[in-house]
Amino acid sequence: MARKSKVILIVDDDPDMRAYLNKLLISMGHEVYEAGNTRTALKLVQEVVPHLILLDINLDEESGFNMIGQVRKFDQYHRIKILMISSLSSKKAIDLSKKLGTDGYLIKPINNTTLSTTLKKMGPELVFPEARNIHSEYSQLTARFLGSLTKISEVSVILRSKIKFQEKRKIFIESPFLKKFDLEKTQLIIQEFSKDVTPGTYDTKIQLIGLNDNNLKNIRKLNTRKV
Amino acid sequence: MSQKRILTIDDDEDINLLVRKILKKHDFESESVSKIEDFFSKVVSFKPHLCIVDLNLGDHDGFGYKIVEMMRKKIGNEVVIIVMSRRNSEADIKRALEAGANDYIQKPIDENIIIAKLNVFLDKEDDEVQFPFYAVPTGDSECYFKIPLNIYSMNEEQITIYSNNYIAKGSLIELHNDFLASRKFTVSNVSLDRESGGYFLHLILDPIEHGDLLPTIRRIMVKSPPLAE
């Protein structure tokens, strides 16, 4: 369920108007940013990525138009919504809004009721669709987990953790124990699936690859505490 | 279950004989060659599941590596390759593994070790050869381990990660990449992906702890193309 609080950017060259809208929006629980010109506005769009932009069209029609174009360059799938603020009549505002490609308009003077009704109506539109086709630069990651090495033999070591492995794969372990035994560079491979210990805890046998006789000697020295 | 076939190459015939004896004892079908020229024709005719390759063959020091490389190039990754050597060197082992070997054993050959490794790599159950386990001292047992994962989807409430392996609910997971920079999350829910047999891990975004990630997450959401219809 999407959060009710939205991120909203007010773009208006009149500081009083900005302050007024800011106050209204904050009291509705939203996160608000302000810009007095289109340059600052575009910088903020890229930094905070608002759900909604309230854009004063008296900013001068051409620069307003350009700004919308720039926003669409950043937001090519038209997810950020733009409401045009204007002092024109309703009909003229509709036409202009269509011409500029905004998602609606607000006619000045804007009161609390108009603003909250408009935002309520837009509700579902102010939710960005879930990202599924994520670029590998963001989607690929390494996950690090806490575990414990409980036992070691001359060919394998047992890792106890909350992961139940069901594939053969390489694994990387940071362990003071392995370091002590000069095994920190040893390749570790999971060749068998994990076994249940208790619900949520699993033992995984990990093969120690490429041990030389020094490594083996050191492991055998642990013989005092056979398990 | 049919016997697994092992092919050994060592220029020392005594070693070949010893290995064949050990393998026969443990129910493996085995052959050996001592000359490089004979090796590949034997691979083609005998079709081994696993090869044991001496790294230091005759005059050609290091030809063992070449054999491993050629095997990987010509035959692929299906055949398991274990290399053996008298030398103790870490560099040798690393080189062999990089060339594509699956494992390394040091001579003189320990029967238990070689059989244990064969059993593991060939998925063979063998209750006879079990190595004793020694306890890791409790003070030293804590460790961290890393595996690569992928984000399947994200929105402003949660990040969903896909994993081939089951990760229990409640696990603490630290995620590393450029934008997530070692942030910690708790797995709040795990669901099975019936199609692939993998799992979806749901990580809830805490507004206080993860609030600063939200602008980047919104940016990713804004930039991600819609799914094709």
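Quick note: the coordinates plus some simple rules give every number you see, no bench work behind them. Owing to the predicted nature of the structure, the values given are computational and were not obtained by experimental measurement. We place every Cβ from the backbone using ideal geometry, glycine too, and count neighbours over all the protein chains shown.
Observations
- Extending 7 Å from Cα along the Cβ direction at A:LYS121 and again at B:GLU90 yields two label points whose distance is 7.1 nm.
- From least to most packed, judged by other beta carbons within 10 angstrom and beginning with the fewest, B:GLU78, A:GLU47 follow the order B:GLU78, A:GLU47.
- Residue (of B:LEU227, B:ALA91, B:GLY139) at the positive-pole extreme of chain B, dipole from beta-carbon charges: B:LEU227
- Within the listed set B:ASN77, B:ASN165, B:ASN119, the Gaussian network model of chain B (springs between alpha-carbon atoms below 10 Å) gives the highest mean-square fluctuation for B:ASN165.
- Residues whose amide H comes within less than 5 Å of that of A:GLY104, counting only those at least five positions distant or on another chain, are A:MET84 (H built at 1.01 Å from N in the peptide plane).
- Order of B:VAL190, A:VAL197 - criterion: other Cβ atoms within 10 Å of each residue's Cβ, fewest first: A:VAL197, B:VAL190
- Taking chain B as a Gaussian network of alpha-carbon nodes connected by springs under 10 Å, the highest mean-square fluctuation of the residues B:ARG194, B:ARG20, B:ARG95 belongs to B:ARG194.
- Computed E for B:LEU172/A:LYS180 - FRET, C-beta separation, R0 25 angstrom, nearest 0.05: 0.50
- Annotation: amide H of A:PHE128 has no partner in the under-5 Å range at sequence separation 5 or more or interchain, hydrogens built in the peptide plane.
- Only helices enter this figure: runs of n ≥ 4 DSSP H residues, each worth -39500 (n - 2.57), summed and divided by the residues of chain A, yield -10000 deg cm²/dmol at 222 nm to the nearest 500.
- Point-to-point label distance, B:ASN189-B:GLU142, nm (Cα→Cβ direction, 7 Å offset): 3.2 nm
- GNM top mover of B:LEU175, B:LEU97, B:LEU18 - chain B, alpha-carbon springs below 10 Å: B:LEU175
- Each of B:PHE200, B:PHE28 was scored by other Cβ atoms within 10 Å of its Cβ. Arranged with the fewest first, they read B:PHE200, B:PHE28.
- Relative contact order (percent, whole number), chain B, Cα cutoff 8 Å, 6+ residue spacing: 11 percent
- Formal net charge of residues neighbouring A:ASN218 (Cβ-Cβ distance under 9 Å; K, R +1; D, E -1): +3
- Neighbour net charge for B:SER171 - beta-carbon separation under 12 angstrom, K R +1, D E -1: +4
- Dividing the convex hull volume of the alpha carbon atoms of the protein assembly as shown by its residue count gives 200 Å³ per residue.
- For region A:142-153, 3J(HN,Hα) computed residue by residue from phi via the Karplus equation (6.51, -1.76, 1.60; θ = phi - 60°) reads 10, 10, 10, 10, 8, x, 9, 8, 9, 9, 9, 10 Hz, glycine and proline entered as x.
- With the simple spin-label model, which puts each label point 7 Å out from Cα in the Cβ direction, the A:LYS91 to A:ASN111 separation comes to 2.5 nm.
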